[in-house]
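Data first, discussion second: the structure below is written as structure tokens.
The values are calculated or read from the model by the stated rules, or taken from the named source; none is laboratory data. Keep in mind the model is a prediction, meaning the values are calculated, not measured. Cβ coordinates were reconstructed from backbone atoms using ideal geometry, including for glycine residues, and neighbour counts include every protein chain displayed. Accessible surface areas use protein heavy atoms only, side chains included; no ligands, DNA or RNA. Shrake-Rupley method; radii C 1.70, N 1.55, O 1.52, S 1.80 Å.
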Amino acid sequence: MKSENLINFLLEHNKKQSDEFSGPDAALSRKIYRAEHPTEIAALKCMDGRLHLPIITKTPLGMIRPFRNLGGQFDLGWPFFGLLVKEWVEHSISRGRNCIVLSTYHYSKSDKHLGCRGFNYDTNLARTETIRLKEQFERVFGKLHSVVYPIVLGIETDEDALILHGENGELFDLSTVTEITTKELSKKISALFPDMRQRMADDLLPLLIGNIEHIKEIREIKRETNDINHREFVLGVGRGFDWLHLHNKALLVGPFSYNLREPIGKAASILLDNIKEGRINKEDGIVLMISAVYRKKVGIDYQLAQEKAISLAELSVQTIKEVVPELMPYLNVLVGTVDMNTLYFDRVPFDVSK
């Protein structure tokens, strides 16, 4: 039942997105946006394919640094994750930029079982985890929020609405906003986060404006019920999936935690459910897509990325064989590396039969 259709689609989509990202217009737009909004923003998110912040905030690609894991669960004590965050913060500070960290959870207001499977659909538990993570960032980078400002952020996936958790416990649900001026929205940010630097607040503002506009568009098209549910056909493992600019098409697992088998197994079971429930075309199967990143093609950086990709592919295939063997007949495997300067995906040979 496997097919190359999905692999060809992904490779063509990557080429298109890479060309657009590398083009002069897009590069200039990013430079202008960065000059106007210099604050660096990172989003700690679940692997769920419905959580695509650049889409739901209308933010240019590459402006929000994504980190993905099962349920949006992270720990700064994980060596690789902690190192990446440390490097990101130090790089930002070296350029005179502040950092906002969005610690997110998600849920569905229409159906509990369309929420976060990583927390067994328990929104309170997911919310508690994001608060714990926020507090961990405060312990490491300082409670005064001077340079690194962590925010708890809910995402309601029926309408892609953001819910901000203020420092005083107040919730601001953007789905309830009908008419609001930029000035009023700016005052709201100041009330929610009174110790946030003005530069940070000014750079958070476009995300909220974009989300309010996006919610209106979702309501106008009257999103169908089956689009609210999982419809992913890709399980992405690794880093460098920014170009996969598609809603509800991929479950993404970052290589951050001590235990990668659990999120890979959980994601594989979701894809199997998608096939069994007829939410995706079983004739095409699904794609296990492995990606490792590099910035320089000379020296060891590129070679190391290839080795990482192959190692992740071996782990992922073996995990699926052992945890969700029913998925194997539908499995297409695509392994490669991504140049972070262009977002171009370069395929690496991999024999899934080994």
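Residues are listed down the side, and each one gets a yes or a no for (1) open to solvent by less than 40 Å² (accessible area, probe 1.4 Å); (2) among the hydroxyl-bearing types (Ser, Thr, Tyr); (3) farther than 29 Å from residue 269 by Cα:
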site: 4; (1), (2), (3): no, no, no
site: 11; (1), (2), (3): no, no, no
site: 31; (1), (2), (3): no, no, yes
site: 78; (1), (2), (3): yes, no, no
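How many residues are over 21 Å from residue 199 (Cα atoms) and crowded, with 20+ Cβ neighbours inside 10 Å if we restrict to region 130-153?
The total comes to 2.
Under 6 Å by Cβ, and 6 or more places apart or on different chains, what pairs join a residue from region 164-180 that is closer than 16 Å to residue 213 by Cβ with one that is open to solvent by 20 Å² or more (accessible area, probe 1.4 Å) and assigned to a loop (DSSP other than H, G, I, E, B)?
175/159
Taking residue 116 and the conditions (1) over 16 Å from residue 47 (Cβ atoms); (2) modelled with pLDDT under 95; (3) buried (at least 21 other Cβ atoms within 10 Å of the Cβ); (4) not charged (D, E, K, R), which numbered condition does it fall short on, given that it satisfies the others?
(1)
With the condition kept exactly as written, say whether any residue in region 242-259 is touching an Asp or Glu at 6+ places or on another chain (Cβ under 6 Å), over 20 Å from residue 328 (Cα atoms) and either open to solvent by 40 Å² or more (accessible area, probe 1.4 Å) or in contact (Cβ under 8 Å) with a residue 24 or more places away in the chain (or both).
No, the conditions are met nowhere in region 242-259.
Exactly one of these conditions fails for residue 72: (1) open to solvent by less than 40 Å² (accessible area, probe 1.4 Å); (2) at positive phi; (3) out of contact with any Ser or Thr (no Cβ under 9 Å at 6 or more places or on another chain). Give me its number.
Only one criterion is unmet by residue 72, namely (3).
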